[in-house]
Structure formats: C-alpha cells, structure tokens
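**Student:** Mind looking over this structure? Questions follow.
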C-alpha cells in the first residue's frame with residue numbers, strides 16, 4: 001500500500017519508465033519484423049508468379065523434347081521473314097475466331113487442338129485430315145516450318161510442330177510466344 005503522494009509519483013514514474021522501454025522494445029521488434037511480413041505481403045504474388053513461370057518453362061521444355069522440334073523467338077522469326085528465306089509459317093489457331101481477325105503476315109492456317117493429340121483426330125482439326133496437313137506443308141521435307149498459336153501456354157503450336165516432325169519434316173520450329181509476343185514486340189499483323 002502506498003503511503004504518500006511522493007511514493008505514488010515515484011512508482012508511476014518507474015512504471016512509466018518500464019512502459020516506455022517495453023514500448024520501445026515492442027516498437028523496435030515490430031520494425032525488425034515488419035520488412036519480412038511486408039515483403040511477404042508485397043512480394044508474395046511475385047514469388048507465386050515465379051512458380052507459374054517455372055511450370056510453364058518446364059512444360060515448354062518437355063513438350064519441345066517430346067515433339068522433336070526446335071524453338072524460335074520473336075526476333076528470330078522476324079529475321080526469317082525479312083530475309084525471305086524458304087520458310088512457311090503456320091497459324092494453328094481457329095480460322096474464324098483468330099486467324100481471320102489477325103495473324104502474322106504470310107502465315108497459313110491449319111487448326112490444331114490445345115490438348116495433346118497423339119493420334120490424328122479430324123474432330124480436333126476442324127475436320128481436316130493428315131493428308132491435307134501434309135499437302136499444306138508440301139513435299140520439301142527440309143523446308144523451314146514455323147508453327148505458332150496464341151501464347152506460350154497454348155498447346156496448339158506444339159501439336160502442329162510435333163505432327164510435322166512425325167510426318168518426316170526435319171526443319172521444324174515452334175514459336176511459343178505466338179501472336180501475343182508478335183504484337184507485344186510491336187510487329188504488324190494481317191487480317192482477312
């Protein structure tokens with residue numbers, strides 16, 4: 001029990017002193033922890049996006065190995081076109097919903113499905129046959145063929161390139177960035 005006001009004041013001061021130091025400790029601890037929690041909150045999406053990027057990259061790599069074709073990037077394709085090399089570019093997207101609206105200049109069109117197509121199925125190629133695909137590509141099995149679709153995650157260009165390899169074509173490329181990367185680079189498109 002406190003007997004006088006001076007003792008009460010001294011006790012309050014000590015408690016206030018302890019509270020001040022305790023509060024200072026809590027504040028300092030929070031300032032040390034805050035960057036880590038803020039980092040997780042602010043950059044958590046960045047880290048999750050990296051996981052998705054990694055998954056897409058691994059799938060692209062595995063598809064490329066399984067398909068037996070090569071990859072070409074946007075600048076590489078632009079260079080092939082500018083050099084007027086003997087190259088055929090094939091858009092593997094649907095005619096009406098995509099190719100007709102916009103495509104890479106000089107590209108031909110032949111629709112392929114997004115999921116893997118290990119066996120030819122005309123129901124998945126807009127009722128087109130493997131013979132029609134071969135006719136489009138031509139007799140020159142060494143001709144440079146480049147297949148593209150919408151974007152990296154789209155599997156249409158993988159199916160098209162893999163089927164070209166199955167049919168004996170030897171200079172087959174997949175342009176994984178597709179029309180999105182082409183437009184992203186600021187290159188012109190064509191339409192019908």
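The values are calculated or read from the model by the stated rules, or taken from the named source; none is laboratory data. It should be emphasised that the depicted structure is a prediction, and the values quoted were computed from it without experimental measurement. No Cβ is skipped: glycine too gets one built from the backbone with ideal geometry, and neighbour counts run over all protein chains shown.
**Student:** Of 161, 123, 185, which residue is under 25 Å from residue 62 (Cα atoms) and modelled with pLDDT of 95 or more? Step through it out loud before you land on a result.
**Tutor:** Numbers: 123 fails: under 25 Å from residue 62 (Cα atoms); 185 fails: under 25 Å from residue 62 (Cα atoms).
After ruling out the rest, the residue left standing is 161.
**Student:** Say we look at segment 77-95 and pick out the residues that are assigned to a loop (DSSP other than H, G, I, E, B) and modelled with pLDDT of 95 or more; which of these is surrounded by the fewest Cβ atoms within 10 Å (Cβ to Cβ)? If you could, list the steps in order and put the result at the bottom.
**Tutor:** Within segment 77-95, the subset assigned to a loop (DSSP other than H, G, I, E, B) is 83-86, 92-94.
Imposing the further condition that a residue be modelled with pLDDT of 95 or more reduces the set to 92-94.
Numbers: 92: 29, 93: 26, 94: 15.
Per the stated criteria, the residue is 94.
**Student:** Taking helices (runs of 4 or more DSSP H) that do not extend beyond segment 96-187, which have at least 1 residues that are over 20 Å from residue 68 (Cβ atoms), out of contact with any helix residue (DSSP H, G or I) (no Cβ under 9 Å at 6 or more places or on another chain) and touching a residue at least 24 places away in the same chain (Cβ under 8 Å)?
**Tutor:** Details: elements: 130-137, 156-166, 178-184.
Answer list for segment 96-187: 178-184.
**Student:** Here is a check on your reading of the model: is residue 75 without any contact (Cβ under 8 Å) to a residue 40 or more places away in the chain and either out of contact with any strand residue (DSSP E or B) (no Cβ under 8 Å at 6 or more places or on another chain) or at negative phi (or both)? Even if it seems obvious, please write down each step before you answer.
**Tutor:** Numbers: without any contact (Cβ under 8 Å) to a residue 40 or more places away in the chain: no; either out of contact with any strand residue (DSSP E or B) (no Cβ under 8 Å at 6 or more places or on another chain) or at negative phi (or both): yes.
Against the criterion (without any contact (Cβ under 8 Å) to a residue 40 or more places away in the chain and either out of contact with any strand residue (DSSP E or B) (no Cβ under 8 Å at 6 or more places or on another chain) or at negative phi (or both)), residue 75 does not qualify.
**Student:** Scan segment 57-76 residue by residue and report those that are within 15 Å of residue 182 (Cβ to Cβ) and loosely packed, with under 15 Cβ neighbours inside 10 Å.
**Tutor:** Within segment 57-76, 73, 75, 76 meet the criteria.
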